[in-house]
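Notes for the one structure printed next.
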Amino acid sequence: MCGIVGYVGPRQAQDVVLDGLRRLEYRGYDSAGIALVVDDAIVFAKKAGKLANLEKAIADAPLPPATTGIGHTRWATHGAPNDVNAHPHLGFGRRVALVHNGIIENFAELRARIEADSDELGLVSETDTEVAAQLLELQLASDIDLTEAMRRVCTQLEGAFTLVAVDAHDPSRVVAARRSSPLVVGLGDGETFLGSDVAAFIEHTREALELGQDQVVTITRSGVEITDFHGNPQEGRRYHVDWDLSAAEKEGHDWFMRKEIFEQPRAVADSLLGRRTAEGLLQLDEMRLSDQELRDIDKIIIIACGTSFYAGMVAKYAIEHWTRVPVEVELSSEFRYRDPIVDYSTLVVAISQSGETADTLQAIRHARTQRSKVLAICNTNGSTIPRESDAVIYTHAGPEIGVASTKGFLTQLVACYLLALYLAQVKGTRFGDEITEVVMQLEAIPAHIESVLDSAESVYELARSLVGTPSVLYVGRHAGYPVALEGALKLKELAYLHAEGFAAGELKHGPIALVEDGMPVLCVVPPRGRDQLHDKMLSGIQEVRARGARTICLAEEGDDRVAPYADVLITLPRVPVLLQPLVAVVPLQLFACELASAMGHDVDQPRNLAKSVTVE
Ligand code: F6R
């Protein structure tokens, strides 16, 4: 949700900023812009549409050399995605250029105040950002530096924001501020960077600084100064980024999403690494909750959005089965508005790949005001959600660039299983050897995913044969139900098709009316070990087939009872029913990626979406 880059150093700022924007474009691609400080003036370029449009504009009208600059790639909130609303926004005297991620909630009031003060301060865009640019410039008129101006402006703003600004009169610094919106500092040798995430500067440095809430940071060639909004000195947390540039490149794949699907065996293996002690006990390093605190928990509420929510649905089956602790799963955006019943004995588990999703962040803040403990399952070191949680389990998927989550989802599932098993260990609801057996089954999953990926070509063929289909249904039962929902979400967001996931048993209560002759219905068949479940799923498949559906069944190898009812059979490796989502979702990811690609869509940057959703 908007990518931001800032740079001060000896290199050409334009190159550094554009490279950074390229790596952050997954965060938003409604427009892009850049501002440089050149000879006491701001030089800028901005264009609606993808970054390529900005690059073309700069190629047609090159910008002068400069060593201080900022850039932005936008996911529109206030104002249409056009050239005027694109960032950077300039102050009335063109002294300040500003880029922004987030929403300034009191912008209308601030705007009215500015417009009432003078006609000359006329605002040209529909954005909330331009208001902050004007306020900064008004502050600079009172002979203070940009850092102090930023502090004074921030105390007037409500909402969530990252602001990054340059002052035409001071090329030595870039000044930024953050509240509930992401920003990290990159520490180079004689150069300093700002980025919405480390991908912005990973090519230049892997030393990063995590910032806290309500802080203003000034970067210069020699380093960083951090204060709160009132000028009190603050410190950032320094960390080393343990992935490199190649992890953020496509490595021969046509889409980041496809590359990330194929990385899943590695991502799952990495997320399992180091989780067992020499004695065979499970350990979760960053748990930070004592065994007693975990034993006191009598209810778990999982909160998450989108794909992460479906990981939470799978987690419910696993946690309740292994620990007998009741679990509720709730969409973050609904949680705090329904007056939920949570207290000190409730564990709230927040699942978020990015660690920045505003709905989930606000939900955990609410949970903590109710005294409940919050545990984050997150893929992004240095992000806000783990920082504001009592405990964290980091997934080790590496950077996820494709807007549609794939390896993020699988590694979230792994973290959820580990959490469930760890709770079972601490609470004593399962024997040690049972836990070890499941951990060993998990350790076998990367090889199983490899075998699913080996038959990708047949899934691609199926996907290509379905170009032109108007609608696809997905059905599953038990842990296969969230897999069906996730499969449908992938197809909606990438192929822009009507796709819906249902619990197979619900079909007969209404949705079966949707089934028409030839309609593809993807059926996630549970393993045969659970006979009742398997039988009921077969009945559901026969019901849709009897009404003309083209059944595409995902069933474990050797399941000869499914074959007679499957128009297309995709075989899955044999794994226990609770772990089946880890292998069953992979063909659905491949299917959506290929179908969207065959339809000519941009798989990595689907329309209207952004990778991390930092507005509520
Ligand atoms: C779908 C997708 C989204 C995210 C959701 C939550 O492919 O990626 O539905 O899962 O926006 O994002 P995080 O996990 O970053 O909180």
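The values are calculated or read from the model by the stated rules, or taken from the named source; none is laboratory data. As the structure is a prediction and not an experimental result, all values here were calculated from the model. Every residue, glycine as well, gets a Cβ built from its backbone with ideal geometry; the counts of neighbours run over all protein chains shown. Accessible surface areas use protein heavy atoms only, side chains included; no ligands, DNA or RNA. Shrake-Rupley method; radii C 1.70, N 1.55, O 1.52, S 1.80 Å.
Using a probe of 1.4 Å on the protein chains alone, the accessible area found for Lys50 is around 70 Å².
Across the stretch 456-598, the volume of the C-alpha convex hull divided among the residues equals 91 Å³ per residue.
Within the chain, the proportion of Cα pairs with more than 46 Å between them is 19 percent.
Projecting the Cα atoms of Pro526, Ala48, Ala363 onto the dipole axis of the chain, where Lys and Arg carry +1 and Asp and Glu carry -1 at the beta carbon, places Pro526 farthest toward the positive end.
Kirkwood Rh and Cα-based Rg: tell me the resulting Rg over Rh for the stretch 79-203, rounded to two decimals. Don't skip to the answer; put the middle values down first.
On the way: Rg = 14.5 Å, Rh = 15.0 Å.
Reported Rg/Rh, Kirkwood definition of Rh: 0.96.
Excluding ligands, DNA and RNA, the accessible surface per residue across the stretch 456-598 is 35 Å² with a 1.4 Å probe. Using +1 at the Cβ of each Lys and Arg and -1 at the Cβ of each Asp and Glu in the chain, identify which of Ser539, Leu98, Val586 lies farthest towards the dipole's positive end. Comparing the listed Cα positions along the dipole, Ser539 ranks first. Taking the Cα centre of the stretch 13-142 as reference, the dipole from Cβ charges on Lys and Arg (+1) and Asp and Glu (-1) amounts to some 480 debye. Using C-alpha pairs under 8 Å with a sequence gap of at least 6, the mean separation divided by the residue count of the chain gives a relative contact order of 12 percent. With both labels modelled 7 Å from their Cα along Cα-to-Cβ, the Ser451 to Tyr496 distance reads 3.9 nm.
Summed over all non-identical Cα pairs, the Kirkwood treatment of the stretch 445-526 gives a radius of 13.6 Å. Element breakdown for the chain at a 1.4 angstrom probe: carbon and sulfur atoms account for 48% of the accessible area. In terms of the mean number of neighbouring beta-carbon atoms within 10 Å, the peptides 475-486, 501-512, 56-67 order highest first as 475-486, 501-512, 56-67.
Indicate the gyration tensor shape class of the stretch 218-319 (rounded, prolate or oblate), computed on the Cα atoms with a ≥ b ≥ c the square roots of the eigenvalues: a/c under 1.5 is rounded; otherwise a/b larger than b/c is prolate and the rest oblate.
Values: a/c = 1.80, a/b = 1.17, b/c = 1.54.
It is oblate, given that a/c is not under 1.5 and a/b is not larger than b/c.
The Glu506 and Ile144 beta-carbon pair, evaluated with R₀ = 60 Å, returns a calculated FRET efficiency of approximately 0.45. Entry note, the chain: the mean residue ellipticity at 222 nm calculated from DSSP H runs of n ≥ 4, each adding -39500 (n - 2.57), is -10500 deg cm²/dmol after division by the residues and rounding to the nearest 500.
Take each uninterrupted DSSP H stretch in the chain, measure its Cα extent along the helix axis, and return the ones at 27 Å or beyond whose mean Kyte-Doolittle hydropathy is at least 0.5. It would help to have the intermediate numbers written out before the result.
Values: long enough: 407-427 (30 Å, 1.11).
Answer set is 407-427.
Relative to the 2.2 N^0.38 Å rule of thumb, the stretch 525-607 has a C-alpha radius of gyration ratio of 1.24.
Compute the Cα gyration tensor for the stretch 256-443, then decide on rounded, prolate or oblate, letting a ≥ b ≥ c be the square roots of its eigenvalues: rounded whenever a/c is under 1.5, prolate when a/b is larger than b/c in the other cases, and oblate in all that remain. Don't jump to the answer; show the numbers that get you there.
Values: a/c = 1.70, a/b = 1.03, b/c = 1.66.
Oblate shape, in that a/c is at least 1.5 and b/c is the bigger or equal ratio.
Note that the stretch 3-242 presents 36 Å² accessible area per residue, ligands and nucleic acids not counted, probe 1.4 Å.
Assign one of three labels to the stretch 1-117, namely rounded, prolate or oblate, based on the Cα gyration tensor with a ≥ b ≥ c the square roots of its eigenvalues; rounded applies when a/c is under 1.5, prolate when it is not and a/b is larger than b/c, and oblate otherwise.
On the way: a/c = 1.87, a/b = 1.31, b/c = 1.43.
It is oblate, given that a/c is not under 1.5 and a/b is not larger than b/c.
Residue separation times 0.36 nm, minus the C-alpha to C-alpha distance between Ser539 and Val467: what's the value?
23.1 nm
What number comes out for accessible area per residue over the stretch 256-443 if the probe is 1.4 Å? Units Å², please. Could you put the intermediate results ahead of the total?
On the way: 6530 Å² over 188 residues.
For the stretch 256-443, the solvent-accessible area averages 35 Å² per residue.
About its Cα centre, how strong a charge dipole does the chain have in debye, to the nearest 20, once Lys and Arg get +1 and Asp and Glu get -1 at the Cβ?
Values: 58 positive and 87 negative charges, 217 e Å.
Result for the chain is approximately 1040 debye, rounded to the nearest 20.
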